[in-house]
Structures are given as structure tokens and as C-alpha cells.
1. List the trypsin sites (Lys or Arg not before Pro) within segment 1-73 that fall in a DSSP loop (any state other than H, G, I, E or B) and whose Cβ has at most 14 other Cβ atoms within 10 Å.
2. Using the Kirkwood formula over every pair of different C-alpha atoms, what hydrodynamic radius in Å results for segment 1-76?
Amino acid sequence: MKALTAIYRQREPGCQQAHEQANRTCPSGYDAASRYLHQLFEAYQLHDNSASFERWFKRFVAANSRRKVLLAKLSFSFDWLKAFLSAYRSTHCYL
């Protein structure tokens, strides 16, 4: 719980790290981005701020919409993301 509190306090650098790792466009970068996102998701949940995470995460997905391997990895990890991606795909034909 202390680790998640520390992650929550440092959430801006964590969000930036997730973006930087995704920008590496390689499997190890996507793995690292996924780990950051999992930690951030759990930290936001612990602090009862899931809505804020979801808003940020939607922007992250939009920014990485052409990285299908990354999105597939994330949709496997985040069950709720499957519904979001399905809706996103219906309004954005390039995904």
C-alpha cells in the first residue's frame, strides 16, 4: 500500500514514463509501458480516483492508437479496456 501511495504521489512522472516507453515502439518498451500503466491504475484505484485515471488513459490510447501491438497487450491486461477500444474503433476507422 505504501508503494502505491508513492506511485500516486509521483503519478505525473509515471504517466510520462508510460508515454516514453510506448514511444520506444518495441516489445520491451510496450512491456514497460504496460507495467507503468498497471501500477498507475492500482494507485489511482487505491486513492478512489479511477475516473481521473480513465480520462488520462483514454488520452494515452488516443495518442497510441496506431500501435496495435501495444493496445492488444493493454486490452488483454485491462478487461474494461476491451469495451473502450471497441467503442473507440467504431468512431476512429484507422484503429
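1. Values: sites: K2, R9, R11, R24, R35, R55, K58, R59, R66, R67, K68, K73; in loops: R24, R66, R67.
Loop-located and lightly packed - R24, R66.
2. Details: mean 1/r = 0.0809 Å⁻¹.
Result for segment 1-76, one decimal place: 12.4 Å.
All of the numbers you see were taken from the coordinates with simple rules; none came from a lab. Quick caveat: nothing in here was measured; it's all calculated off a predicted structure. Glycine gets a Cβ as well: all are built from the backbone with ideal geometry, and neighbour counts include every protein chain shown.
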